[in-house]
Every structure is written in C-alpha cells, then in structure tokens.
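Chemist: One structure, pasted below without further comment.
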Amino acid sequence: MDGWAAATGGGAGAAACAVAAQWCRACGCASASTRGRAGRAWERPGEASAVGTGPGSIADGDLPGYRTSDAARQAVGWQAPGADHDAVGVSASAVPPPLPAQAPAEAMAHSAIAGSERPSPQAQATRAEPAQPQSAQSQPPQPPAAPSAIARAASALKRWFTQGNVPVKVGMLVLLAGVASLLKYASDQGWMRMPIELRLAGISVLALAGLIFGWKQRAQRPGFALALQGGAIGGLLLTVFAAFKLYGLLDAGTALGISMVLIAGMCVLAVLQDSRTLAVLGVLAGFLAPIWLSTGSGNHVALFSYYAVLNAGIVAIAWTRPWRVLNLLGFAFTFGIGTVWGALQYSPAKFATTEPFLLLFFAMYVAIPVLHARRGDGSAGRLIDGSLLFGTPLVAFALQARLLEGDRLPLALCAVAVAALYAGLGSWLLRRASTRVLGQAHAMLAVGFATLAVPLALSARATASVFALEGVGLLWLGLGQQRRVSQVSGVALQVFAAVGVAFGVDAWRYDAVAVANATCMSTVLLALAGWASAWFLRDAGHRRRALLAYLWGLGWWTLCGVHEIVRFADLRSEPDLLLGLVALSVWLAAEVHRRRPAAALVWTVMSGLALAAPLALWQGAAHTQPFAHWGALAWGVFAVAGARALWCLR
C-alpha cells in the first residue's frame, strides 16, 4: 500500500508541478518549488532521458503527460514495495515533458483533477447570467412612428431656413420683393427720369450677370450658386411681367414666349445641377405665369397649349429624375385650373377645342407613375404615385362627364375605352415582378371602369345581370388566390344581381319581342353565371357548393324558358314548346357531361327524359293528341336530342 500511495502521490505531484511551472513561466514569477531539480529539468528538456527512464517516468513515451492517470498506474508495476515516498515523488515529478504551449499543461491539470470537482449550481448560474442581456439585445428595436405630413412639411421648411447658406436664401427672397417694390415706388415717385425701357433693360442685364456668375460658382459654392440662379431668373420673370402688365411694352404672346424660355432654362439648370428646389421654383413660376400675364381674353386654346408644353417638360424630367413633387404640382395646377375654367367658362361649342387637351393631359399623368415604376426608384414617394394613379382617371372622367353634358351613352363608351387602356397597361406591367403591384392596381381600375360603363349604357336589369358576371370573376379570382373575401363578394354580387332582376318583374310584361329582350338576356346571364361558378367550384374541390351553384343556374335557365313560352306563345303551343325546351336542356347537359363528367348532369338528362310523359298528356289535353299542331315537330326534336343524350351518357 505504501508503494501504491507513493506512485499515486508521484503522479499527482507531477501534474501539479507541471501546472505550477507553466503558470509561473507565463506570469514571470519565480517560485521556490520550481527552482529545484525538477525546475531545472523542466527548463532543460534535454536532460529528461538521463533522469527518468523507468516505465513509470513521465519521459516514457512521447507525451505521457496527457494521460497522467496511466502513468500513475504504470508506476505501481515497477516501483518496489516499501520504497521511499519522496524518491518516488521526485522520480515522477522531476522529469516533466517539454511542452511547446500552454495547452498540454492545461490538459494534464484537467486530466489530473477530472472527476474530482464539478462546478456548483451557483457557479453555473453565475456563468449563465451574462447570456440574458445578450438575448435581450438580440431583439430588434421597434421602429419609430412615422411623422405626419404636416410635421414633415414643417420640418422641411425649417431645414430650408436653418440649414445651408441661410443668409443667401433669405436675402434672395428679400431681394426679389425689394426689386418689385423698388420698381413700383420709383415709377410712382418719378425718381428715375430715364425711359422705362432703359430701366427694365438695366435690371435685365444685372439679372443675366447674376445668372452667369451663379453658373460659374456652381462647383465652388453650390448652395450660393443655386440661390443666385433662381433669384436671377425670378428677377427676369418679374421684369417681363412689369414690361407687359404695368407698362405695356410687350404684348401677351411675346411676354408668354419669353417666360416659357426662362422657365425652360430654369428646369434645364435644375436637371443639370440635380437641384429639385430649383425645378420646383421653375414649375411654380411656369404655372403662375399665365395667371399674372392674363389679359382676360378667355383664350383657352392658348392657355391649354402653354400647359401642354409645361407638362411635357414635367414628363421629360420624370424620365430622368425621380422628383415626384413636380408631378404632384403639375397634376394639381393642370386639373385644378382646368376644373375652374370648365365650371366658369365652358360651353358645348368649345368641346372640339377642349377634348384633345383633356385626353393629352390624361395620357401624360397616366404615363408618369409607369415611368417611375419601370425605372425602379423604390418605395419613396409611393403616396404621391398613388395619388396620381387613382386621381388622374377619376378627375379626368369627371371632367369628361362635364364636357359631355351628362350624355350617358358616349360617357359609357369613354368608360369602356378607359377600362381597355388600363387592362392593357395592367397586363403589360404584370409581366415584371418589380411592377406587379402597379399592374394589379391598373387591373383593378380596369374592372372599376368596366363596371361603371354598364349602368351608364344599360337598363337596371341588364346592369344587374352584368354584375352577376363580375361576381363570377371575383369568385374565380378568390378561388385562385385562396381569398375568402373575394369568394364571398363574388357570390354576394350574383345574389344581389338576381334580386335586381327579380324586382324588375313588373317590366317583364312590357317585352315586345320573344327571346331578344332584356328579361331573357338578364336571366340567361344569371344562369350562365351560376353554371360558371359551379365549374370553378368543382375544379377547386368544393363539390357541394358546386352542386348548389349548378342548381341555381338551372333554375334561372328554366325560369327564362318558361317565362318566354308563357309570355309569347298561345295555349295550344305551350306544351309543344316546353317539350322543345326540355329537349334542348337534355342535349346541352349531355354534351357537357361527355367532356366534363358529373353526376348532376346525368340526373338532369334522366329527369328531362322522364318529363316526356306528363308533357305528352298535356299535349293530348291541348290538341286532342300529342302529334297534332306543333307536336310532331316537338317530338321529332325530342327524339333526336334524347338519342344524342343517351349516346353521350353511354
């Protein structure tokens, strides 16, 4: 037992000595326990072969220090019983292997004390506590609430007055107001004895000099240069206004032409220098120029021609720059001034000279959102694009109704044309993933205007039946996209359409022609809508709903046929015509079953064939025997249709 204790103590001592020596060497300390013979053997690994060569020495093998317990067990085999404990300890610990790095020493210490200690629950909890703040920090921060439109406008106005070259901005505004006031005051007081032409020419020369100087300073001082250019062009516009309005030196056409050149130049400078502010000033000046240069003549052709040129410039800017605020300004001024003019001065005699401009402006502002979407400018300004997208057709259609003086049929044709336009644009935009949302919006507008055209062109009953077809479209869309709201809306539209047709029953007796009348067409459309709904529901796996929709359509089909026969046929012909209706229904059901088998169609065919017996009795009561009057023809048609139906069911 003494030998076993010595061997075990030697192995543990070797491990402890190795750990202590490695720690002291790393920390730069000089421990007394490592300055002895064991320490010298650690510092000079070459002496390890001379010190310990027994099977229990640590030098046995390549790196036995990694398995200290094995070395201790080997020490039991070669150490003689009763040997000195200190000697065994020295022989086991004096020759530690040379370790190139700290990791082997740590492995030796770990293997020596493995299983002797386990971390306490408190220590584990201490180690686990720092992970809690990390999990809390991993949660994404909540985005701040978006500011309102008023707050954004106030913030932009504040930044304009507080950031950049504030003295230049404020000074330029004051300069413009001062120039206008100075011209007026000097004219009233008679201080300037030189002719007014020279005075206005001098102001124009100074403004042109400022414009040229501002252009040259665009690279060194861009903020100052833009403000100076805007102020110079503003001064030139004021000079043109004074020459035309105050002194009569220019006629209206010349003044408007010079203003157009100046405004176009301002927009070109804005695009070249990528300055949205300068472009906004140019657009505002452009739309206000006809107002301050107006002579009251009421020449709407000249006004709308000028606005057409200005809007063409806005479209050109939209092609190259994503400045959506310009589009909104152009839309507001164009249709706003157009609405005011239409309410105050429009007459039917001006339709031919007004309609082309309305169509042109409508086309321009329909194209602008498409341009931005195709360029892929991102989601910024989506509100303005939505305003143009939905506001343009609504405002333009309202103005079109004003031009047509409420004439329903031409307005319905206009609605159909707009629906076709938006349907074409929608199908084109849906081909690209980046413009799919815009394409869906165009498709929705197409459906809306197509729906609007129906009540404008047709009667109430026809309108209701067309709404039933629209309900079929909604049901199909809802089944394809698995949207329950669309499915319910489609079914509800068909029910409301049926109610509308039923409430028009008082007008049924006023139909003058059989089959080719509003009542027959309405009920046939309701039947077709029900059968189409049954088809779509069956394909989607809703067989019970499909059966209900099929019976709904079959009921309206039967009602249509019976009503037409009772309304227009004499009593003797009624059973013969009903037999022909049954033959037609049986044949149609069998043909559909041959292509798309369904149990409901089989029951329809068999029920129709079974109706021949009671109809034959009715024919006998109506005209002595079934083949009299039109009976022979009716039975011939029924025989052919029945044979074909049975062949389709075989």
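Here, each number is a calculation from the coordinates, and none is a lab measurement. These numbers come from a predicted model, not from an experiment. Cβ coordinates were reconstructed from backbone atoms using ideal geometry, including for glycine residues, and neighbour counts include every protein chain displayed.
Chemist: By the scheme Lys and Arg +1, Asp and Glu -1, what is the net charge of all other residues having a beta-carbon under 12 Å from that of PHE351?
Modeler: -1
Chemist: Shape verdict for region 166-274, please, from the Cα gyration tensor: rounded (a/c under 1.5), prolate (a/b greater than b/c) or oblate.
Modeler: Here region 166-274 falls in the oblate category.
Chemist: Which of the three applies to region 387-429, rounded, prolate or oblate, going by the alpha-carbon gyration tensor with a ≥ b ≥ c and a/c under 1.5 meaning rounded? Show your work: numbers first, answer last.
Modeler: Values: a/c = 4.76, a/b = 1.54, b/c = 3.09.
Verdict is oblate for region 387-429.
Chemist: Another question, if that's okay. Give me the Kirkwood hydrodynamic radius of region 569-650 in Å, from all C-alpha pairs, to one decimal place?
Modeler: 12.8 Å is the Kirkwood radius here.
Chemist: Quick one: length gained pulling LEU571 to SER434 fully straight, 0.36 nm per residue minus the C-alpha distance?
Modeler: Answer, rounded to one decimal: 42.8 nm.
Chemist: Filter the trypsin sites (Lys or Arg not before Pro) in region 416-503 down to the DSSP loop ones having no more than 12 other Cβ atoms within 10 Å, then list what survives.
Modeler: ARG431
Chemist: Rank by packing, highest mean first: peptides 526-536, 398-408, with packing defined as the count of other Cβ atoms within 10 Å averaged across residues.
Modeler: 526-536, 398-408
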